[in-house]
Structure formats: C-alpha cells, structure tokens
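What follows is one structure encoded as structure tokens, with my remarks underneath.
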Amino acid sequence: MSLSSSTPLSYQHLGFDDVRQWLANEAAGTTVRQQFENLHPGKTKSEIDAQYARVMELDGLMEANHSFLVIPYDNLNETLKLLSLPGSTLYSENLRSLGKVLEQTRILQTIYFKNSPAPDSVWQETFQAIEALLPVEKSISKIIGADGEILDNASSTLAALRRKLRKSAGSIRSRMNDLVSKYAERGYLNEGQAGIKGGRLVLPVLSSYKHQVKGVIQDMSNTGTTTFIEPFEIIELNNQIKTMEAEEQQEIQRILRDLTAQIHPHHQAIQTNYKMLQFLDTHVALVKFSKTFACSIPLLTDESILVLKTARNPRLALQRKVVPLNLSMDAETTTLIITGPNAGGKTVALKTIGLFVLMANSGVPIPAAEGCVIPFFDHIFTDIGDRQSLVNDLSTFSAHIGTIIDILKQATSASLVLLDELGTGTDPAEGGALARSILEALAERGTKTVATTHLGDLKVFAHEAPSVMNGAMEFDQDGLMPTYKFQAGVPGSSYGFEISRRLGLPENILSTARNYVGWARDSLETLLRSLEAERMTLSNLTSENARLQRDLKVKQQRMDTALESVQKTERKADREAAKKAGQIISDTRQTVEKIIRQIKESQAGKESIKEVHATLDDIESRLDKVVEATEEPRQIKKIALEEITPGKWVTVLSLDQQGMVLEVPLKGKVYVEVDGKRMRIPLDWLGQATTTEIEEEISTVIVNVSERSGSTYSLDLRGYRAEAALDELGRFVDQAVLSNLSILQIIHGKGSGVIKEIVHEFLGKHPAVKSKRVGGMDEGGAGVTFVELK
C-alpha cells in the first residue's frame, strides 16, 4: 500500500501525527522512535496481517510475564560499522552500550522460551535467531564499568599505574596544602586553596606578590589581579604525574584494542541481536499503545467493507468521555453522506474514519471494540478544513475545488475519499449541483467516499441513489443539544433555527428568517425533525423493551434456579424414602425367609414358596427403579482442546457460568467472554455448554446475575473528568443499593491515579459500603476496585 496522497497536512488533520508521536514515546530505542515518528502506510496486506499476529501473541506473553519489557538502549549503527572493520578500536562507551544490548536480548530470549511457546508461535523464528554471547558480555563487564569507565582490574599494568598515580597525587596535594598555608599566612594568596590550570596544580597569587613566590606562571585572571603560579618544587611531581597519566592512556588504548579484536569475530551475530531487539521494541511499543487506549485488532480486508464498533477518537478520548462511533458500509455502498447540526460531530466522525484507516493500514491497533473491519486502501484523499490562501490568491471555494480536481485525477476503486462540508463556499444551488456530480463521478469508479454537508439536495440524492447512504448525527430536540451519536440510513436536519434560539437570537429575527427560507424548504426540515423525533421515540421504546427483556430473563433465571432447587429437594426426599423402604423390604425379606424355613419344615408346597419369592423380587425391583430415577444428573462433560475455537460457547466450571470463546487457546489458557467480561481462563476449567443463548452487551453498566447468592454490578469511569466521575459514581451506588446488589466492580484505570483516589474517598464515606479492595492481577489490578455493600 502507498498512501502517497496522504500528505503531512492530512496526517495532522486526521490526528495521525498524534498517534505517531504516542507510539514514538513508547519506544525504548532512538532508531525505533524515529521510525514511528515517520510512520506511514506502505506495507502489503500480508505484512500487516503478520504484524497484527505478532502483536496479539506478544500481548499475551507480556500479560503472562510482566518482566518482559524492552528497556532503553543506545543506537549501535555506527558502533557496529566500526566493529566490522579489522583492527578497529571501540570506545569504552560504545562497548558498554554493546554489552547492554547483548544482555537484554539474552534475557528476553530466556523469558520467551521459559513460557513454553507453542510450536506454531509467530515469534519462534525471531527468538531462535538471537545468539546468546555470554562470554562476550563477561569480557566487557570485566573491563568496562556501569558508567563506561575502564575498571582498575582490566589489567595488572593498569592497576599498578593507578596505584602510583593515587600515591603521587596524594603527595602533591599534601605538599601543596603546606605551601598554601605558608603563603596564605603572609597574605600572598587571593584564595585559601590551590587551583588547577592546564591540568597542573597552581597557587592563586595576588599579582602584586608574584615575585615573592618562586615558580612558573601558568595563567592570569581576566582582571590581572591574580597570577596562577606552579611552584618549582611541585613541577617535578606534576611532570611525574603527567608521565604516568600518558602511560595510563596508552594502557587503556591497548586494553580497548584487544577487547575490540576479541569481539570482532562476533560482529555479525551482534548485528542480528541488535536488529531483533529493534524488532521487539517496535512490537512492544504497539502492545503498550494498545493497552493505553484499549485497542483491538481489526480485520483488514481486500473487500470494500467498512465496519467500526465502539470506535473512539484517541485524541478526544484523552480529553473527555467520548461518545463511540458505530458505523457500517457494505461493499455495495460506495458513498456515505453525513448530515446533522453544527458542532454535532460530523467532522469528528469523518476524521475518526480516516484515522482508523491510516492506523489499520499501518499495522497499528485501533481504539475500538472487537469485530471492526477496515478495507486495504491504495490511497486516502482528504479535503478537510479551510484551505484559503491569501498568498496564492485562493478563496475557500477555489481551494476546495483545486483539491477535489487533484482527487478526481488520482482516485481509484481501491481509494478512500473524505470530503468535509462538500459544496460550501459558493451559491447553495450551484454548490449542491457540483457536489452531487462530484459524488456521482466517484461512485461510478467504485471509490469509497464519505462526505459531510448541510445541503438538502444531497440528502435527497442519498435517498434516491442505490449505492449512496444517508447518515445523521443525532440531535436532542428537547434539550436542543447534539448527542454525538451516529444514525445510519436517515438524513439529519441542521437545526440552525433551534440552535440560534438556544444561543439567544431574537425571536422576531428567527420568524422573519423562516419566511425567507420558503415553504418547501421549511416543510423538508420540519419533516426531517419529525422523523428524527419519531426515530428517537422508537429508539427509547426499543431500549425499554430490551430492558424489560433483560429483567424477564433475570426473573426466569431465578425461577429456574428455584425450580431446580425444589426438584433437587424432591429427588433427595425420594431417594431417602426409597432407601428407607428398601431397608424395610430387606427386613421383611428376612422375616419371610424365616417363615419359609418354617413352611419347609412343615412340608409346605414348592409353589407357595415360589410365589412368596416372586412377590419380594417385584417389590425390590420397583424400589431400585425409584432410587435410580432420583439419582443426581451426570456432571458436565469436559471439552476437547480441538473443540475450543473462537465463537464456541463453553461452561466455565469454576464460575458455573457460560461464555463465548474469543480467541484460539494459547499456552494452556484462552480468552472467554462471560457476562460481558473478558477473562483469561485455563483450558481445564472449561466444559461443554448446556445452552447457546447469546446476549449482547448493551451499555457500559452490566448486571451479571447467576445462581450465586451475590450479583456483580460494573461501572467504567475511564475517560471521565473528576466531577463527572463523582456524579456518575453516586448514581451508580444508589442504583446498586436499590437493586439489592452485594458486589460492585468499578473500573477507574491506572493513569495518574486521580479518579482512583476520588473513588476510594467517596466509597470510604458512603454509609452503604461495607468494604472495598483493589483487583487482583487477573482481575484488572490497580485499575479496578471491588466493593461489598452492607
């Protein structure tokens, strides 16, 4: 893919620059950081699919082992070039950086193989390519210190030289201290201590007394008041130190040269390890980004199908609670026209679509729910924002038309075109006609196009054209406020008059304006508003119906539980009664046997004896059937590994609840969705499902009712500001108390900890709260708080 028409300006408009910078901030190495800063779609579909597979597996590995992280490392490109040259010498800092990379790749390789990867692991080849060079690591650490210094024990010669240096330096300091005391008492010195000039110890002598101190003048202060003199008696000692320092440097150069020569034969293996570390760094950064923004892996398809589920624009998600975007365009729909009120979210929806396409076509996870489908586009073209130019003498309309002309020259059936406020900047009638003809031209090519507009003609066009779909941003007519929810298949009114009235425009001006609009236009807008009101009413009824159905299911579950309990009690009573009757019969048989013996002794007939035996056998047989019929039902069957596939319904034995498998099993565990919660569960905890009833998650608040005595009530506060989070939490706890629930789950995320602190302070003061605790490692950790109500 080559999105060459996605200019830096397009990246900025769509928010892709922010994504690139966020990814760069997650990288540990400078080269990977630079790669993310310059990230753009350019890989093939198979390359992106492979990258997504690696990200998914690495996510599981990092979840299972929190020590699997890439720590910051230095750029080794120039170091490795020098190392490849025979006879070269590396600096101590270069050798230290090289040793750190070798140590890190060895540790990561060890962690990977300790986690027993599957035979088909997508990371197997990468980690097998890493060559552990422990002898090289030890050689470097023996000579180079943590700060890049050469250690004393790097060689015996170096150790001896440094001992002599320290001894000579001590002698000089001692003699210099005596001279400082001597001349200070006489008032010859400007300061009470010796200084260093040109690497030599000197006395700071007042220039007026410079002839009173015998020695060599090494320097003079800028003002000329101080002369720095090296005393004659110190010169020889200083010369000795300089000689030893030169010998020290020669020895250090020899040590570094020998160490470099020792490492040189391994330069290709070190190069491979460094590349593998960069490769890992890239994917670890993608996983960390994915966790930060709660991302999922979309399905990248060659078909012209676009599906976004609970899509959240990441730039907005960092600032406030975001209304998610749910949008779908099938292969037959080439064009989507989005209408609705000003500041209602049309442009945000347009930018979110473009941003997610850029991210998916670059192999970056997207902040949305599972199940998103994004086409593999060859180009993406945008016309967003005011491109008016005073320098080039371009009006807003001219700038837009110039951009659209370039788009029409290049767009293909495999391209995506995003047009904001199409047809504006000129006469509405002419603008509407031009806009329609532009959209028709793109639709004829099969180009996927999304456009926003306020023009009524385009709403009619979308209703009439078979491959064009209307879409609207919802507006609350009672509160006169946009809800930012996207509604597919219906056009939206601009609500210009309503918004103007809410902002305070005088009523007489509004009335006059309505007269100027004309009957036909006003009737169309009235019809659109009426349709919107009816749609919202229907939506509310649908929501209420869904709520009633959930309540009915809950009650049905409770009734089923109660009925099963009664049936169990009855079966238990039947078994006890049958066993008691069996004991009675057994006793009776003994009595009858005794009678039979007596009959025999009295020469009774054989037929009489047979008849008595048959009667007893019949009674025992009937009792056996009663006992057998009242035995407990058989246990739930275990499920075979090959049956655990995505979409399969299973029973989680430890929870006594059913859920749906989300992914293929990995390392003895699998992700299962149970009552709207994603859990990683060991395979031996799973059994065959007894029902395949599927319930969709409708909102962020979930009531999970099971056969257990308590219920779990969940609230997600991630993305809320402090005040809004506190209000939402208050309503949430009150509703839970009224619903007689016992256990609450509050998801506040880790982040800066502000929301968590507010939540804990509120819960500590609430009279209905019995206790609270932070979630365990398998429950969300410090990002989740569980609450027990009184």
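Answer yes if at least one residue in segment 279-293 is part of a loop (DSSP other than H, G, I, E, B) and either surrounded by 19 or more Cβ atoms within 10 Å (Cβ to Cβ) or of a type outside the set (S, T, N, Q) (or both), and no otherwise. Steps first, answer last, please.
Keep residues of segment 279-293 that are part of a loop (DSSP other than H, G, I, E, B), which gives 293.
In the following step, the residues that additionally are either surrounded by 19 or more Cβ atoms within 10 Å (Cβ to Cβ) or of a type outside the set (S, T, N, Q) (or both) were identified as 293.
There is at least one residue in segment 279-293 that is part of a loop (DSSP other than H, G, I, E, B) and either surrounded by 19 or more Cβ atoms within 10 Å (Cβ to Cβ) or of a type outside the set (S, T, N, Q) (or both).
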*asked:* I'd like to verify a number: residues in segment 301-319 that are buried (at least 21 other Cβ atoms within 10 Å of the Cβ) and not in a helix (DSSP H, G or I), how many?
replied: 5
*Would you confirm whether any residue within segment 73-84 is touching a strand residue (DSSP E or B) at 6+ places or on another chain (Cβ under 6 Å), open to solvent by less than 60 Å² (accessible area, probe 1.4 Å) and either free of Cβ contacts under 8 Å to residues at least 24 places away in the same chain or polar (S, T, N, Q) (or both)?*
no
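Yes/no matrix, rows are residues, columns are (1) of a type in the set (Lys, Arg); (2) in contact (Cβ under 8 Å) with a residue 60 or more places away in the chain:
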| position | (1), (2) |
| --- | --- |
| THR333 | no, yes |
| ILE338 | no, yes |
| GLY345 | no, yes |
| VAL348 | no, yes |
| LYS351 | yes, yes |
| GLY354 | no, yes |
| VAL357 | no, no |
| PRO365 | no, yes |
*For residues that are under 18 Å from LEU237 (Cα atoms) and of a type in the set (A, V, I, L, M, F, W, C), scanning just segment 193-207, find the one that is most open to solvent (accessible area, probe 1.4 Å).*
ILE196
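Going through GLN212, GLN240, GLN218 one at a time, which residue ends up being exposed (fewer than 15 other Cβ atoms within 10 Å of the Cβ), out of contact with any Cys (no Cβ under 8 Å at 6 or more places or on another chain) and not charged (D, E, K, R)?
Values: GLN240 fails: exposed (fewer than 15 other Cβ atoms within 10 Å of the Cβ); GLN218 fails: exposed (fewer than 15 other Cβ atoms within 10 Å of the Cβ).
Criteria check complete, one pass: GLN212.
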*Residue count, segment 139-149 (criterion: assigned to a strand (DSSP E or B) and open to solvent by 20 Å² or more (accessible area, probe 1.4 Å))*: 0
*Only one of (1) more than 23 Å from GLU370 (Cα to Cα); (2) modelled with pLDDT of 95 or more; (3) of a type outside the set (S, T, N, Q); (4) out of contact with any strand residue (DSSP E or B) (no Cβ under 6 Å at 6 or more places or on another chain) fails for GLY42. Which number is that?*
(2)
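Do you know which of the residues in segment 424-483 that are outside any strand (DSSP E or B) and among the hydroxyl-bearing types (Ser, Thr, Tyr) is surrounded by the most Cβ atoms within 10 Å (Cβ to Cβ)? So that I can check it myself, show each step before the final result.
First, pick out the residues of segment 424-483 that are outside any strand (DSSP E or B): 424-447, 453-467, 477-480.
Narrowing further to those that are among the hydroxyl-bearing types (Ser, Thr, Tyr): 424, 426, 437, 447, 453, 467.
Numbers: THR424: 17, THR426: 16, SER437: 10, THR447: 24, THR453: 26, SER467: 13.
This residue is THR453.
Taking the options ARG445, ARG502, ARG436, name whichever one is out of contact with any helix residue (DSSP H, G or I) (no Cβ under 8 Å at 6 or more places or on another chain), over 20 Å from VAL348 (Cα atoms) and at pLDDT 90 or above. Lay out the reasoning, then the answer.
Values: ARG502 fails: at pLDDT 90 or above; ARG436 fails: out of contact with any helix residue (DSSP H, G or I) (no Cβ under 8 Å at 6 or more places or on another chain).
Checking each option against the conditions leaves just ARG445.
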_For the structure I just gave you, tell me whether ASN190 is over 30 Å from PRO117 (Cα atoms), among the polar types (S, T, N, Q) and surrounded by 16 or more Cβ atoms within 10 Å (Cβ to Cβ)._
yes
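Would you check if there is a residue in segment 158-174 being within 43 Å of the chain's Cα centre (by Cα), over 30 Å from SER221 (Cα atoms) and modelled with pLDDT of 90 or more? Don't jump to the end; show me each part of the working.
If we filter segment 158-174 for residues that are within 43 Å of the chain's Cα centre (by Cα), which is where we start, we get none.
Within segment 158-174, not a single residue is within 43 Å of the chain's Cα centre (by Cα), over 30 Å from SER221 (Cα atoms) and modelled with pLDDT of 90 or more.
Look at THR157 and say whether it is of a type in the set (Ser, Thr, Tyr), under 24 Å from ILE270 (Cβ atoms) and surrounded by fewer than 17 Cβ atoms within 10 Å (Cβ to Cβ). Even if it seems obvious, please write down each step before you answer.
Values: of a type in the set (Ser, Thr, Tyr): yes; under 24 Å from ILE270 (Cβ atoms): no; surrounded by fewer than 17 Cβ atoms within 10 Å (Cβ to Cβ): yes.
No; evaluated as a whole, the condition is false for this residue.
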_So if I check each of ILE338, ILE401, which one is modelled with pLDDT of 90 or more and β-branched (Val, Ile, Thr)?_
ILE338
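Taking the conditions exactly as written (of a type outside the set (Asp, Glu), open to solvent by less than 10 Å² (accessible area, probe 1.4 Å), part of a helix (DSSP H, G or I) and farther than 20 Å from THR352 by Cβ), does GLY402 satisfy them or not? So that I can check it myself, show each step before the final result.
Details: of a type outside the set (Asp, Glu): yes; open to solvent by less than 10 Å² (accessible area, probe 1.4 Å): no; part of a helix (DSSP H, G or I): yes; farther than 20 Å from THR352 by Cβ: yes.
So GLY402 fails the test.
So which residues in segment 323-357 are in a helix (DSSP H, G or I) and out of contact with any strand residue (DSSP E or B) (no Cβ under 7 Å at 6 or more places or on another chain)? Talk me through it step by step, then tell me what you get.
Keep residues of segment 323-357 that are in a helix (DSSP H, G or I), which gives 346-357.
VAL348, LYS351, LEU355 - these are the residues of segment 323-357 that are in a helix (DSSP H, G or I) and out of contact with any strand residue (DSSP E or B) (no Cβ under 7 Å at 6 or more places or on another chain).
Are any residues in segment 638-660 among the hydrophobic types (A, V, I, L, M, F, W, C), part of a loop (DSSP other than H, G, I, E, B) and either surrounded by 15 or more Cβ atoms within 10 Å (Cβ to Cβ) or touching a residue at least 40 places away in the same chain (Cβ under 8 Å) (or both), and if so, which ones?
Taking segment 638-660 and keeping what is among the hydrophobic types (A, V, I, L, M, F, W, C), we get 639-641, 644, 649-650, 652-653, 655, 660.
Filter once more, keeping what is part of a loop (DSSP other than H, G, I, E, B): 639-640, 644, 653, 655.
Passing the criteria: ILE639, ILE644, LEU653, LEU655.
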*Output the number of residues of segment 222-237 satisfying the condition of being open to solvent by 30 Å² or more (accessible area, probe 1.4 Å), in contact (Cβ under 8 Å) with a residue 24 or more places away in the chain and not in a helix (DSSP H, G or I).*
2
*Does segment 671-681 contain any residue that is open to solvent by less than 30 Å² (accessible area, probe 1.4 Å) and farther than 20 Å from GLN745 by Cα?*
no
*Would you be able to tell me the number of residues in segment 14-42 that are open to solvent by less than 10 Å² (accessible area, probe 1.4 Å), part of a helix (DSSP H, G or I) and of a type outside the set (A, V, I, L, M, F, W, C)?*
0
_If I filter segment 160-175 down to residues being hydrophobic (A, V, I, L, M, F, W, C) and touching a residue at least 12 places away in the same chain (Cβ under 8 Å), which single residue comes out as surrounded by the fewest Cβ atoms within 10 Å (Cβ to Cβ)?_
ALA169
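The values are calculated or read from the model by the stated rules, or taken from the named source; none is laboratory data. Computed from a predicted model, the values in this text were never measured in an experiment. Neighbour counts are summed over all protein chains in view; Cβ atoms, including those assigned to glycine, are modelled from backbone coordinates with ideal geometry. Surface accessibility is based on the protein's heavy atoms, side chains included, excluding ligands, DNA and RNA. Shrake-Rupley method; radii C 1.70, N 1.55, O 1.52, S 1.80 Å.
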